[in-house]
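Engineer: Attaching a single structure in structure tokens format; questions to follow.
Derivation of every value follows stated rules applied to the coordinates shown; laboratory data play no part. This structure is a prediction, so every number in the text was calculated from the model and none was measured. As a convention, Cβ positions derive from the backbone with ideal geometry for all residues, glycine included, and neighbour counts pool all protein chains shown.
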Amino acid sequence: MQPRKNRPLLPYYQNHPAFQDHRNNMLADTLPRPDILKIVDSPLVVWDHKKMKHKVVSFEFTHESREITLNDTTGKPMIFSDFTGDVFKTDRLPALWSKHLKETLQQGDVLYFNNIIVKYADDKLYMVPAIKFL
């Protein structure tokens, strides 16, 4: 099969609105623990390129907890990661998850917000870029 000539390859998002989460303005992967703890209680807020706010319909959340342990075989330290997550049909983490994070969040843990879906117009839903907090 011959590739088409004289037709540039366009990124998928070029014909779709550009979205931004309020956390992207805060250098998300450099936030200190107190700021992260405030965020887990707040809703996800998304704006488009025209600075219009859009409602988050759902998102996936994953908490990666990291611990340094000794390898039983080699006796050398290694990083052990444990992943816990769920899909939420709302714009914020439930109170149970927020409480759990406040009690267990440690330095080195990572929080992932993926597959964030926003209601763009009356009948349109869009997926916005993922967010990761270290």
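Engineer: Relative contact order, percent, of the stretch 18-133 when contacts are C-alpha pairs under 8 Å separated by at least 6 residues?
Structural biologist: Numbers: 205 pairs, mean separation 36.6, N = 116.
For the stretch 18-133, the relative contact order is 32 percent.
Engineer: Sticking with this structure for a sec: Given a Förster radius of 30 Å and the C-beta distance between Leu96 and Lys53 as r, what FRET efficiency does 1/(1 + (r/R0)^6) yield to the nearest 0.05? Walk me through the numbers before you get to the answer.
Structural biologist: Working: r = 27 Å, r/R0 = 0.89.
Between Leu96 and Lys53 the formula returns 0.65.
Engineer: Within straight cross-link reach of Lys99, meaning Cα distance under 23 Å, which lysines are found once same-chain residues fewer than 8 apart are removed?
Structural biologist: Lys38, Lys89, Lys132
Engineer: Would you mind getting me the FRET efficiency between Asp41 and Thr73? Use the beta-carbon distance for r and R0 = 35 Å, nearest 0.05. Let's see the in-between values first.
Structural biologist: Working: r = 42 Å, r/R0 = 1.20.
So, using R0 = 35 Å, E works out to roughly 0.25.
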